[in-house]
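To keep things clear, I will list the structure first and then write my remarks on it.
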Amino acid sequence: MAVNTEQYQRIQDELAAHNVTLVAVSKIKPASDIQALYDLGQRDFGENYVQELVEKQEQLPVDINWHFIGHLQRNKVKYIAPFVHLIHGVDSYNLLKEINKQAIKNHRVINCLLQVHIAQEETKFGLNEEELHALLEKTEDLQQVHIKGLMGMASFSDDEKIVRKEFRMLKKLFDQLKEYRLPQLQAETLSMGMSGDYTMAIEEGSNMVRIGSLLFGRRG
Ligand SMILES: *Cc1c(COP(=O)(O)O)cnc(C)c1O
């Protein structure tokens with residue numbers, strides 16, 4: 001399926017009006033689809049799989065901001081550490097420690113978002129509130145990671161009330177981060193909202209949305 005460029009322009013205008021950053025989620029889609037949106041000015045792309053991301057990064061323009069939005073295994077951090085722009089799904093100290101180690105090796109700082117579990121489904125990764133605060137307290141020694149904010153995925157539900165409530169919960173935690181005075185923390189980015197719920201996410205305070213199927217068509 002071809003890239004929906006009209007839809008892209010419409011969404012981009014809508015997001016720009018709210019100062020929301022669009023991460024175009026291109027997982028499973030060919031590099032040519034990414035290039036098509038790149039040619040329209042899109043620079044932020046999100047991928048879920050390490051090997052796929054590395055292959056695409058090698059083929060595509062160097063000024064793309066690559067977001068890793070999947071579940072990252074510790075032993076794979078090294079492959080994306082040289083170039084990744086933002087890692088969205090960090091949910092453990094051990095992972096953060098490995099990201100810091102690879103950041104040092106690559107002489108750079110790696111920006112991360114901590115993933116919070118807000119959905120009702122068991123399958124979604126992330127920290128609860130208590131774990132989030134405990135992890136933040138431990139970041140001080142990890143000098144080459146910067147925590148830029150939070151990421152979350154709402155329940156896959158048609159019930160607007162449930163989804164809205166989950167987004168509100170995440171926004172509240174994000175606002176709490178601003179109270180912290182930690183050298184590694186700059187609470188700037190709240191990554192929430194996907195194709196099915198991004199409008200609501202923006203209403204609830206998101207400033208970064210991750211949109212795949214609306215732009216690239218359905219996957220598989
Ligand atoms: C696949 C994915 C998206 C995009 O989903 P769409 O419904 O296609 O917009 C967003 N965030 C994460 C974490 C994903 O895995």
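The values are calculated or read from the model by the stated rules, or taken from the named source; none is laboratory data. Worth saying up front: this structure is predicted, and the values here are computed from it rather than measured. Please note: Cβ atoms are built from the backbone with ideal geometry, for glycine as well, and neighbour counts cover all protein chains shown. Accessible surface areas use protein heavy atoms only, side chains included; no ligands, DNA or RNA. Shrake-Rupley method; radii C 1.70, N 1.55, O 1.52, S 1.80 Å.
Kindly evaluate residue 128 against the criterion of being away from the ligand (no atom under 16 Å from the Cβ), open to solvent by 60 Å² or more (accessible area, probe 1.4 Å) and in contact with a His (Cβ under 9 Å, 6 or more places away or on another chain).
Yes; evaluated as a whole, the condition is true for this residue.
Given the structure, is residue 167 closer than 17 Å to residue 86 by Cβ and not in a loop (DSSP other than H, G, I, E, B)?
So residue 167 does not fit the description; no.
Of all residues in segment 193-206, count the ones that are under 21 Å from residue 128 (Cα atoms), crowded, with 19+ Cβ neighbours inside 10 Å and more than 9 Å from the ligand (Cβ to nearest atom).
Residues flagged as under 21 Å from residue 128 (Cα atoms), crowded, with 19+ Cβ neighbours inside 10 Å and more than 9 Å from the ligand (Cβ to nearest atom) within segment 193-206 amount to 3.
Within segment 183-192, does at least one residue satisfy the condition of being in contact (Cβ under 8 Å) with a residue 60 or more places away in the chain, within 9 Å of the ligand (Cβ to nearest atom), buried (at least 21 other Cβ atoms within 10 Å of the Cβ) and within 16 Å of the chain's Cα centre (by Cα)?
Among the residues of segment 183-192, at least one is in contact (Cβ under 8 Å) with a residue 60 or more places away in the chain, within 9 Å of the ligand (Cβ to nearest atom), buried (at least 21 other Cβ atoms within 10 Å of the Cβ) and within 16 Å of the chain's Cα centre (by Cα), which makes the answer yes.
If a residue has to be closer than 17 Å to residue 15 by Cα and outside any loop (DSSP other than H, G, I, E, B) to count, how many in segment 205-220 make the cut?
7
What are the residues in segment 26-44 that are surrounded by fewer than 19 Cβ atoms within 10 Å (Cβ to Cβ) and under 19 Å from the mean Cα position of the chain (by Cα), if any?
Correct list: 27, 28, 38, 43, 44.
Kindly indicate whether any position in segment 46-55 is within 11 Å of the ligand (Cβ to nearest atom) and open to solvent by 10 Å² or more (accessible area, probe 1.4 Å).
Yes, segment 46-55 contains a residue that is within 11 Å of the ligand (Cβ to nearest atom) and open to solvent by 10 Å² or more (accessible area, probe 1.4 Å).
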